[in-house]
Amino acid sequence: MVNHLLRQDIEMIDMEPASLENLCILYHSADYIVVNKHWDIRIDSKMWYEKQTVQSQLNHHFPSLVDPGTYYGFRFCHQLDFSTSGALCVALNKAAAGNAYRCFKDRLVTKAYLALLRGTVEKETMTLNFAIGKNTEEGKTHMMCIDGTEGCENPKPSQTELKVLEYGTYDGEPVTKVLLQPLTGRTHQLRVHCSAVGHPIVGDYTYSLGKDNSPYRMMLHAYLLRIPLPKEPIHVTAPDPFLPVRDTKWAPERLVKTLEGALGGLLDCCKEEESRPTDETLQVEEKRRTTEETEEQRALCQQWLSEWSLD
């Protein structure tokens, strides 16, 4: 049987192309697998020529867990862009998929991302509030855009919290390492928001309009994934890839806040919600349920409900 990679093996594969073999498992139980998705691989694909996907990696490593009743063989609980690495949760049965679905639908899931941004971000803490819509300009229909820009169709409210961790350089150019927490779930939200404040993500070929093409990857990584499942709460971190020992072009110069310190407040809020009295918790959850869902969430929920309807 093929052995999957453990945390200590990650440093060796950070800068290598994805392959069937280099699948890193962060968490594995009877109901869920959380993988550290590689930075140059799609989650799944209907294109016959795309052989390297997370789906095919899982098929390769866990053939006995493939569910022939689903199109891809595995139930992916959420999405990460092709160029984004990090924690990705997979449900292994209908009931598990349904439980995860409810957490995402009720906005109980906490995510935090690490990124290297171009330039020096002056404010050490920022709340990015830019409504995001579909870009309808010719040649840009694969992109999203912020409200007020030409060709921005049907913009929806979007919010991201940004905390500066370190200042330094990447390949000699000034960059800022940040922690990003998306409070909404729009397509390309973090990439669009960072670009909107003049600090695009290093290596983001799409939102630099093809100019930022020298780094080996886009520097965006899903570091923290927290799903408060009733019987099996998942709290996983995917090791930080933006360290000098893993990429010598990244040279930190001034530490502003440790990663642990930046996460502290975020996790304290999560614990505070969990410790609320039952009636207060139900009120909060009911408020989340009645909040408008994104079009992407509605479409994904409908797909989940039709394909993974619970018995």
Full extension from residue 205 to residue 251: what is 0.36 nm times the residue separation minus their Cα-Cα distance, to one decimal in nm?
14.4 nm
State whether segment 183-260 is rounded, prolate or oblate according to the following rule on the C-alpha gyration tensor (a ≥ b ≥ c being the square roots of its eigenvalues): a/c under 1.5 gives rounded; otherwise a/b larger than b/c gives prolate, and the remaining case gives oblate.
oblate
Can you give me the relative contact order of segment 18-106 as a percent, contacts being Cα pairs under 8 Å and 6 or more apart?
33 percent
For each pair in 163/211; 94/231; 37/111; 177/249, compute the distance between the two Cα atoms and list the pairs where it is over 18 Å.
163/211
With every protein chain present, what is the per residue accessible area of segment 113-157 (1.4 Å probe, Å²)?
56 Å²
How many percent of the accessible area of segment 132-275 is carbon or sulfur, using a 1.4 Å probe?
50 percent
State, to one decimal in nm, how far the label point of residue 149 lies from the label point of residue 51, with both points 7 Å from Cα in the Cβ direction.
3.7 nm
Whole-Hz Karplus couplings 3J(HN,Hα) for segment 233-241, θ = phi - 60° and coefficients 6.51, -1.76, 1.60, Gly and Pro as x, run x, 9, 9, 10, 10, 9, x, 4, x
Between the modelled labels at residue 136 and residue 71 (7 Å from Cα along Cα→Cβ) the distance in nm is 2.6 nm
By how many nm would the segment from residue 125 to residue 216 lengthen if fully extended, with 0.36 nm per residue of separation less the alpha-carbon distance?
29.9 nm
By how many nm would the segment from residue 229 to residue 64 grow when fully extended, if each residue of separation counts as 0.36 nm and the alpha-carbon distance is taken off?
56.9 nm
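The values are calculated or read from the model by the stated rules, or taken from the named source; none is laboratory data. In this text the structure is predicted, and so the values were computed from the model without any measurement. Here the Cβ is made from the backbone with ideal geometry for all residues, glycine too, and neighbour counts use every protein chain on show. SASA here: full protein model, heavy atoms, side chains in, ligands and nucleic acids out. Shrake-Rupley method; radii C 1.70, N 1.55, O 1.52, S 1.80 Å.
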